[in-house]
1. Going Cα to Cα from Lys362, which lysines come in below 18 Å? Please leave out same-chain ones fewer than 8 positions away.
2. Relative to the Cα centre, what is the charge dipole magnitude of region 92-246, using +1 at the beta carbon of each Lys and Arg, -1 at the beta carbon of each Asp and Glu, and rounding to the nearest 20 debye?
3. Would you please give the FRET efficiency between Val413 and Ala346, computed as 1/(1 + (r/R0)^6) with r the Cβ-Cβ distance and R0 = 41 Å, to the nearest 0.05?
4. Just order 248-257, 436-445 by mean Cβ neighbour count inside 10 Å, highest at the front, would you?
5. Roughly what % antiparallel, to the nearest 5, for the DSSP beta bridges in region 131-260?
6. Can you tell me the Rg and Dmax of region 196-339, counting just the alpha carbons, in angstroms?
7. Can you give the net charge of the other residues whose Cβ lies under 12 Å from the Cβ of Gly336, counting K and R as +1 and D and E as -1?
8. Compute the distance in nm between two label points, each set 7 Å from the Cα along the Cα-to-Cβ direction, one at Asp164 and one at Lys226.
Amino acid sequence: MRLSRRITIMLAGAVLATGIAGSGVPAGARDPAPGVADLTRDLDQILADSRLAPARAGVAVRVAATGEDLYSLDANKLFAPASNTKLLTSAAALDTLGTDFRFTTDVLAASGVGRTVVGDLTLRGTGDPTMLAADYDALAAKVAAAGVKVVTGRLVADDTWFDDVRLGTDWAWDDEPYYYAGQISALTAAPDTDYDAGSVIVSVAPGDGPGKAAKVSTTPATGYVKIVNRAVTGDETDVLVERQHGTNTVVITGTVSEPYDEWVAVWDPALYAATLFREGLTRHGVKVLGPTVRGTAPAKAATVASLQSMTLGDLLVPFLKLSNNMHAEILTKTMGRKVSGAGTWAAGLAVTTAFAQANGVKTLRLRDGSGLSRMDALTPAGITALLAAVRGKPWFPTWYAALPIAGEADRMVGGTLRSRMRGTAAAGNVHAKTGSLTGVTALSGYVTSADGEPLVFSVVSNGYLSGAPRDLEDRIAVRLAQFTRKAVVDETAAARSLTPGSSPQEAAGPAPFAGDLECSWLKPAQC
């Protein structure tokens, strides 16, 4: 079976010339150039790894400009893509919303603005994932600067720009307390400039002595989260930070010997954001007499204050470099809202699907925008088709620059690839999206060959029982960076180019859960 596939691949160049792709050998077909045959042999060798024996691997390599297939292994089979789904979501968002798109957060009042607002004050969001506690404080300062001192009614949190479905279809229930599976809301807040929307950082530090209570704080400092501290100071850090389901009560147990941070998803991000805003109003001398509630802004409400986000072009950097799930889902619902007036997953995924199909992705199934769902399905051939098709889009340079870049140490440049392929021909060359779930790993993107020829590639593995075989992805990417049509590469070059243990991450071995999740999803980052 493997032999027949190899023969088909080696004749790919000649098959392409006759218009028949991978379906047989036409009469008089030429043998491929030595460099292509050499590439085929080396990729076959890499993919013969025993870790893939019980698993499924799909690989597609194409010339970006012409579509010529250089290598294919089950490229038209469907695989769970994990965060490679974000390639489709981000590209569709740029095409639908534009690089200059900005989210807006408004403060509205039904009555005229003066010293006293008679009635409710409404905080209305449109999905901005970059809103920090400092931004809600700035909004509160604007309200105070408008002369408002008292609001006789309630503080209303309006997140109706999106529907009220907070968690994605098929998301695992046990991921729900963690920030990478946070609730999606049109009104939300992030604790950091990674913009992990809908979460809070819980920091645990040693107390006053052995056996004494640990010290706990949150970022942002807020009364929205209730801390139950049962952790004590010890000679090692073995601490569990766990939010109880359906509440914002966070229980901390175990021992701590050094500072430890945990990013925790909050329950109901809209009320979280409204609480931060209300705390800001208090600091700036604005008193709201009524409670904080959910609701909808009156149709003819006056705008008291507004804040706009960074552009979508700028948001792409933390989104793609750090593989931010919440950005993907918020953009999905935003596309739905713009195209069909419905801020729902169904409406947004319809937009992404239509875009993908128009750009070469023939077979797919999308259940969310981030790839956290295991029911998402893409083919390596479809991914490479999209990668090639979007090169002509006006927004492509922005998108390409936002992809993680192999071996670039700066976190906002290398992203999830910053510790991978260092010191190889792929470093600074490969721009690609990673993807990881338990039993799933993927790497798809762009690489320039040794001849200066732009290539697109996709490597997706499902169902392995070992740790994630990311080193195989890296070896393939390095080999593609070495690819030349002009000369035969030493047959052992690929095997030597990136052997297990040659990168800092591989030499150290995987951190806890590092084989299961994007390294950027583990805080502090462990890539």
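1. Candidates past the 8-residue exclusion: Lys77, Lys86.
2. Value, rounded to 20: 1020 debye.
3. My answer for the efficiency is 0.70.
4. Order by mean packing, descending: 436-445, 248-257.
5. In region 131-260, DSSP labels about 70 percent of beta bridges as antiparallel.
6. Cα-based Rg and Dmax for region 196-339 come out at 19.0, 60 Å.
7. Here the count lands on +1.
8. With each label point 7 Å from Cα toward Cβ, the separation is 2.2 nm.
The values are calculated or read from the model by the stated rules, or taken from the named source; none is laboratory data. The shown structure was predicted, so the numbers you read here are calculated from the model rather than taken from an experiment. A quick note on method: Cβ atoms are made from the backbone with ideal geometry, for glycine too, and the neighbour counts reach across all protein chains shown. The area values use the complete protein model at the heavy-atom level, side chains included, leaving out ligands, DNA and RNA. Shrake-Rupley method; radii C 1.70, N 1.55, O 1.52, S 1.80 Å.
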